[in-house]
1. If you average the alpha carbon positions of the range 232-250 and of the range 136-184, how far apart do those two centres end up, in angstrom?
2. Starting from the range 325-380, pick out the GluC sites (Glu not before Pro) whose DSSP state is loop and whose Cβ has at most 14 other Cβ atoms within 10 Å.
3. Sort the following peptides by mean Cβ neighbour count (other Cβ atoms within 10 Å, averaged over residues), highest first: 51-61, 313-323, 443-453.
4. Could you work out how much longer the chain between residue 106 and residue 307 gets when fully extended? Use 0.36 nm per residue separation minus the Cα distance between them, nm to one decimal.
5. Principal axis extents for the range 9-149, Cα atoms only, whole Å, descending order, please.
6. Dipole of the range 95-211, Cα-centred, from +1 at each Lys and Arg C-beta and -1 at each Asp and Glu C-beta, to the nearest 20 debye?
7. Run the numbers on the range 9-149 and let me know its relative contact order in percent, using alpha-carbon pairs under 8 Å that are six or more apart.
8. Could you please state, rounded to a whole Å, how far the C-alpha centre of the range 411-457 is from the C-alpha centre of the range 4-78?
Amino acid sequence: MSHQDKKYHRLDSKILILGFGSVGQAILPLLLRHLDMSPSQIIVLTQDAMGEAIAREHGLTFVREMVTRTNYLNVLNELMNPGDFLINLSTGISSHDLIKYCQQKFILYLDACTEPWLDAKPRQHSFHTRYDLRQGVLKLKEEHGPTAILTHGANPGLVSHFIRQALWNMAKDNDLSTPLPATQPEWASLAHTLGIKVIHVAERDTQVSKQFRVPGEFVNTWSAEGLIAEASQPAELSWGTHERHWPEDATHHTFTNDGAIYLKRTGASTRVRTWTPTHGPFYGFLITHAESLTIADFLTIKKDTDVIYRPTVHYAYYPCPDATLSLHEYEASNWPEEHRNRLIIQDVVDGTDELGVLLMGNKKGAYWFGSQLSIHEAKRLVPYNNATSLQVAAGVLAGVIWALKNPNRSIVEPEDLDFQAAIQIALPYLGKLAGYYTSWTPLENRSRLFPEKLDTSDPWQFLNIRVD
């Protein structure tokens, strides 16, 4: 039996999919393919009719109701029992409150992003950063409890497993005689030994629709509301120990002195230089993402309370062409509350989502490792998907399987999972999974038109990577 047909777990309880947009619809055929269960065991809870025909076609229970901070307990009590599984793929519903509920009721939980309530008002810039949302959820962690996996889609999620595979590949390429690391300190030591200074989650989405975008329309391959929310938050990253040039607009969070920082500007207005194998160098948006924090924490070396080593880590994202135009127009209009959204899935006719991790600083050059998935292969593999949604769904599937096999691990993050098992489960849905070295650095072809402020002694300084 191939991995694409393998049944990983028999399930007798129910799964509640909260939110049935692009990823909710994308994960459905994977759950039915890889779990030994009946469609009648799956409940879809969503606030609109999106995907209702698909849910009815497969024999799912479809519940249309808006979940709010005042009704969520009653809604969930009506639909869920101990031992069930809540897959949270919604926006604007508090991850913190859902996880707290699941921990109390012994319900398994997974999400792809840590969300606040839609009506939550930020007290200050840092209130709705990934850092603050993450810290709030981690405070719920007990020594024992039902498994709740935080932020396990593609990114955040699979990219944390790509990091470990990339480091292990580089260790072999550099002829290091080290055993496969098994603990956080061992992985951090390996990254330090390899000289890794900077890590980008470097993504380039080139998918195009047969329907032209019109002015005033926000188009995206995964979620318009999701991209707007992330792009309008402060640009957020983890600050490496090698950095020598503190940005004038940067600040630490008021409640910590660790490496998590943010810039006093949105992710949509902050671009960085990065690289992927198909497209070479490009400018990506420094969008806030949880993996910027979890990967850096995982690779930090401390001696007592002093940080000895930490790489700079952040997301560098070039959305699909229509989403990029939408984002520029939306920002130029000062983030209007009213806008028309269009999700492109079935009408995508060409393009690829190239998603991976770019590790910089090793003597052999920068190394990119990740997934190269075309729309044509995504459509061949699974219905209701484009390349982006299938990469996310593959990450969700890997997390669901791990949680079912490890139901008593309390609150965990992607770095806590078995990276090789997660990649193996996701692999049939990732297209080409490969690694590439490059001689590119952010100093390449610089100052050709005008003088620039650069640090030529170290190409991997954030000063050299940042565009604006």
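Coordinate-derived values only; no laboratory data. All of these numbers come straight from a predicted model, not from anything done at the bench. Methodologically, a virtual Cβ is constructed for each residue, glycine included, from the backbone with ideal geometry; neighbour enumeration extends over all protein chains shown.
1. So the separation of the two Cα centres works out to 23 Å.
2. Counting only loop positions with at most 14 other Cβ atoms within 10 Å, the GluC sites (Glu not before Pro) in the range 325-380 are 337, 338.
3. Per-residue mean Cβ counts within 10 Å order the peptides as 313-323, 51-61, 443-453.
4. My answer for the length gained is 68.7 nm.
5. So the three principal-axis extents are 46, 35, 26 Å.
6. Charge dipole, the range 95-211, about its Cα centre: 240 debye, nearest 20.
7. Result for the range 9-149 is 22 percent.
8. 33
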